[in-house]
Structure formats: C-alpha cells, structure tokens
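One structure is given here, and the rest of the page talks about it.
Every number in this text was worked out from the coordinates using simple rules, so none of it is lab data. Not measured: the values here are computed from a predicted model. Cβ atoms come from the backbone with ideal geometry, glycine included; neighbour counts cover every protein chain shown.
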Amino acid sequence: MTTTCTAEDLRHINRSVDDIREELGVDPVSVRAISDPAIYELEREKIFSKTWLKVATIWELPHAGDYKVKELPVADASVLIVRGKDGRIRAFHNVCTHRGNKVVPSSGFETFGRSRANVVTCRFHGWVFSTDGPLRSVPMKEKFGKLDTACLGLREIHCDSWEGFVFIHFDPEPAQTLTDYLGDFGRLFGGYPYAESTTAFRYSTVLNCNWKVAHYAFSEGYHVPTIHAGSLPGFKGVEHGDFKLMGPHASSTIYGAGMDTAPSTLAFASMLSTTERHRPRPDQLPPAINPERRADFQFELPNLFPNFIIHLASGCGYPGMSFFTHQFWPLDHGRTLWEGINYFRPAQNAAEQVAQQHVNALHRNAWLEDTATMEDTFAGIMSGSIDAMQLMDQEFLIRHAARTLDTYLAA
Amino acid sequence: MTDPILPAPFVDLAPLAAHWARPSENERSEIRWSASAADFRALYEAMMPRLDAILRLLSEHPASGMPEDVHNLFLLACAFAEASPHHELYGGSSAVPFSFDARRFVRMDGDAAL
C-alpha cells in the first residue's frame, strides 16, 4: 500500500537540534542494554516477538512457488516465506506438523528456492503441504488411528508487506497492523518506486558483538570523515540534519558536497549518471524527504525499529544507487548477523553492469571500514571500563533507539 | 593455459585477462587479495587509459548473452572496477586500510557467475 504525504502533512515529525536535546535529553546513555545478557533475553520476548520484522522483498519472490527460508535464532525459528498460487506471499514456521522436522531444508541463514508444483514436501516422511499452508497429503494416511488433516497445515506467521518489503510478526495476535506500526515512517518513506530496483548486491557477516553495537554504528554520520577517510576521501561538507521522530522510528538526512572522485570512479559514474534510469532522481524522493530538493542530498538515514535501516538515496549519493539497507539479527547476546544490501535499477547493458560493480565495490569497502569497529566496541563495553555512551546531536538516532528499547522492555 | 580471446582493439590485454578475469565476485576477490601494489599498478596503467573505449564497446552489448570475446573483456572490466580503488585510494594495499577482514563478508546470493 502506498500512502504518500506532503511535507506539510508530516510537519509534526520534524525536530530541530534544540527540540531533540529537550525531548531526548543530553545525558550520557547507559551501555547496560548492550552489556547485560539478561537484557538480551528480555529483548527476545518483548521486542523481537512484539514488533514487525522485515524478512524479504516481494521482488525476491516474483513467481508463484518462489520461497525463501530465513533462519531467525532470535525467535528460535526457521521461517518459510513463500508466494502461493494465488500470488499472495505468506510466512509459515518451517516445521512439519507431523513430528517437527524442518520441511524445506536450508543451509546458512537464508535459502532460496522454487516449488514448481506449489507444494513443499517434508523429506522425513513425505508429508506434502500447499504453498498456501494446508496439509495436502500424508503417506499411509489410513494407518493413523486419528489424524485431523484439516488442522495440520503449516503454522502461519502474520505476514504483510509495505512498498514491497515483506514483514512478519511472531505474536499470534499482533497489537498493531503493519501499517499502524510503521505509522508516519510508512508515510515518510512511502511512494518511492523501490520495486524497480531489483538488482541487489547482498552481503552478510557474523559479528562478535551485541546487535545494537552494529546497529548504532550505522546510525550516525559523525563517523564519516574519520572512519571513511580511506574509501570516501575528502568527503566535504557533511551535514546531518532534518531530524525526525515517528513513534518508535526516527530519521534524518545526510547532505554533503561529495568527495574527491578518483579517475576510475568518474568514468564509471558517468555511465550511470548520464542515463535516465540511473541518474540522480531527487524528484522521485517522497515529498517530505529533502523537501527543498537540495542538490547536495546524499541519502536519508532512518531507523525502522527494531533492526532495519533503509538508506534512500534515489541515485543522489553513490552513483546510480537507488537505495541500500542494513539489518541486524541477534544470534545470541554477543553475536550478530549483519546483512547489507545495495539496490540498483537493472543495468541496460554490459557497461552499466560494470559501473554498478564499481559503485558496489566502493560501498562494500566502506562497509568493511564500518564493521571494523564493532567487535572492538563490544569488547570495550564488555570490559566494564565505561558505563555510558557520550552522544552528540548527530547521534540522536542512537539516543532515540535506546530510549525506545527501554520503553519496550518496561512494557 | 591459452590467453582468453578479446575483441580486436583489446587483444594486447589478453595476459591481464588471463590473470584477473573471473566470472564470480569471490574468484575475483581471491585474485585481488593476493595482488601486490605492482600488480594493481600494472592493471591500472593498462586499463585506465582505455577505460572509456572499453565501456563504449560494452555499452553496445546487453548485460547477459555477450559473445565470448566481449564477455572476456567484460570480466576483465569487472575485475578492474573492483581493483581500481586499491591503486587510487588504498596505496596499493590488497586490503582496505583499517578494515574488517574482507574474507568474513559473504555474498548472500551464492555469488552467481556473471
């Protein structure tokens, strides 16, 4: 569903620096939520079981029978996300209702596949389920003294999508619909043609740190001139502003005059920036993002609570890049699966594809600089030598996320 | 191993293609991680002056289904696209300076061949 709002409609989400200081405070923020393993157990119960979590995009599963298995240790769950014959995407526990075996075998944290016959079959005893859930056949069914097959479909998980991003909710009765949960975030980011950007460069790594250390490292622009001195040399005039608060979610904008562009980057970028399909498209940004349509807009930097970031660039930041996302999945208190994905519109020829490889490599390398800090930061916090994080104005997303976390944990 | 075939204007790049051009990102990364500053410089000095001509030729071909000689040039260009920052920005280092171990990054889509 697309609900686009004007900048005026969303004026109530805007905050000045003074507003932010007044609303969120200026005091240091305790690191206990990061260091205490008991908090992690609470997070599993009160956050990851009580919020909408992005698990897929609709364009990953374009055809009936396309599926994705996502392993989510934070919920002790293997989740099957599948497009049914009716075109609808549903989510199920990837668990056979016979005796609990995994229905679709998976390897690693994500497994993609397609069921051509629109059924999935458990490899243990051959129970067959339709991709829309019901149990369709059971070998030697007559040998069960009692078997209510009508009640033995795959166990469904609440699933809904917004702008092509597929979310699930583990609570059997979610307190809010996805639309209500996203609230003003959905209105702020809605209306961009995300689904056109089907070319994805997808990376993951397992980090030995609490998930919030990784999340917070990607939640501010303060680090850019220091940590990215290598891959973003001479990044000029970084301005992190347009602060916005939207219930559990928040956002902000990175403006900047760009960087010293290397000769090869200039050549590759020109393959993209001169085409209608890949050029900077500030005009396609939702109206309340970069409302003045400033030419030095780089990207929007939000936090969709609890663990998802959509950096909306519309080709204005990294050449040709439509948007990029980060997600942070706790594996346990001190281990995190990070997923970073760069999205482009499909290349129309081989030269554009090479150019996208270059832009992707530059950005992947910047992520290598980002991820370099995370395990050290967690080790530092776990040493017990600091009690709190000192947060400046541009780190308000961290301050807001920490406060939102506390609110959920206290509920 | 015989050098890969390349379109006529670029046949002299065949030895570089034999070394650098590979269809998957993981394979290209392995080669890049073992490259020296001199390797990066040699690739850069051969490719950079011809990059516009290479991209012009590649722009006449679809992103998939290229003839073999063009596809080899395309894979060499992909390798250069990923290697050029090491010469231009990282002082010839095969690793991004002050970075996380690149070997721990996983291509989530199984690293399909181009």
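Observations on the model:
- Most mobile of A:Arg90, A:Arg114, A:Arg99 in a GNM of chain A (Cα contacts under 10 Å): A:Arg99
- Prolate/oblate/rounded label for region A:161-205 (Cα gyration tensor, a/c 1.5): oblate
- Amide hydrogen neighbours beyond the local backbone of B:Ala63, cut-off 5 Å, H modeled: A:Asn349, A:Ala350
- Using the Karplus relation 6.51 cos²θ - 1.76 cosθ + 1.60 with θ = phi - 60°, the per-residue 3J(HN,Hα) values for region B:93-104 come to 6, 7, 10, 5, x, 6, 10, 5, 5, 4, 5, 7 Hz, with x marking Gly and Pro.
- The HN-Hα couplings worked out from phi for region A:70-85 by the Karplus form 6.51 cos²θ - 1.76 cosθ + 1.60 (θ = phi - 60°) are 10, 8, 10, x, 4, 10, 6, 10, 10, 10, 9, 10, 9, 8, x, 4 Hz, whole numbers, x standing for Gly and Pro.
- The average projected area of region A:1-44, computed from the convex hull of its Cα atoms over all directions, is 5.9 nm².
- Ordering of A:214-220, A:143-149, B:4-10 by burial proxy (mean other Cβ atoms within 10 Å per residue, highest first): A:214-220, B:4-10, A:143-149
- Stokes-Einstein D (µm²/s) once Rh is taken as the Kirkwood radius of chain B over alpha-carbon pairs, at 4 °C in 1.567 mPa s: 88 µm²/s
- A cut-off of 5 Å between modelled amide H atoms, ignoring neighbours fewer than 5 places along the same chain, links A:Val55 with A:Val166, A:Phe167, A:Ile168.
- Global dimensions of the protein assembly as shown from alpha-carbon coordinates: Rg and Dmax equal 24.2, 78 Å.
- Remark: region B:65-78, residue by residue, has Karplus-estimated 3J(HN,Hα) of x, 7, x, 4, 5, 5, 4, 5, 5, 4, 5, 5, 5, 4 Hz, where x stands for each Gly or Pro and the curve is 6.51 cos²θ - 1.76 cosθ + 1.60 at θ = phi - 60°.
- The stretch between A:Val119 and A:Phe144 holds 6.8 nm of extra length on full extension. This uses 0.36 nm per residue minus the Cα-Cα distance.
- Listed residue (A:Met140, A:Ala33, A:His311) projecting farthest to the positive dipole end of the protein assembly as shown, Cβ model: A:Met140
- Rg over Rh for region A:53-173 works out to 0.96, both radii taken from alpha-carbon positions and Rh defined as the Kirkwood radius.
- Amide H contacts of A:Ser30 (H built 1.01 Å from N, under 5 Å, at least 5 apart or other chain): A:Met389
- A Förster radius of 25 Å combined with the Cβ-Cβ distance from A:Asp9 to A:Ala229 puts the calculated FRET efficiency at roughly 0.05.
- Note on A:Arg293/A:Leu152: beta-carbon distance plugged into 1/(1 + (r/R0)^6) with R0 of 56 Å gives a FRET efficiency of 0.50.
- About its Cα centre, the dipole of region A:53-173 is roughly 600 debye, where the only charges are +1 on Lys and Arg Cβ and -1 on Asp and Glu Cβ.
- Cα-centre dipole for the protein assembly as shown with unit charges at Cβ (Lys and Arg positive, Asp and Glu negative), debye to 20: 1720 debye
- Straight-distance crosslink candidates among aspartates and glutamates, where the alpha carbon sits under 16 Å from A:Lys244 and sequence neighbours closer than 8 are dropped: A:Glu8, A:Asp9, A:Asp18, A:Asp19, A:Glu22, A:Glu23, A:Asp184, A:Glu220, A:Glu292, A:Glu300, A:Asp393, A:Glu395
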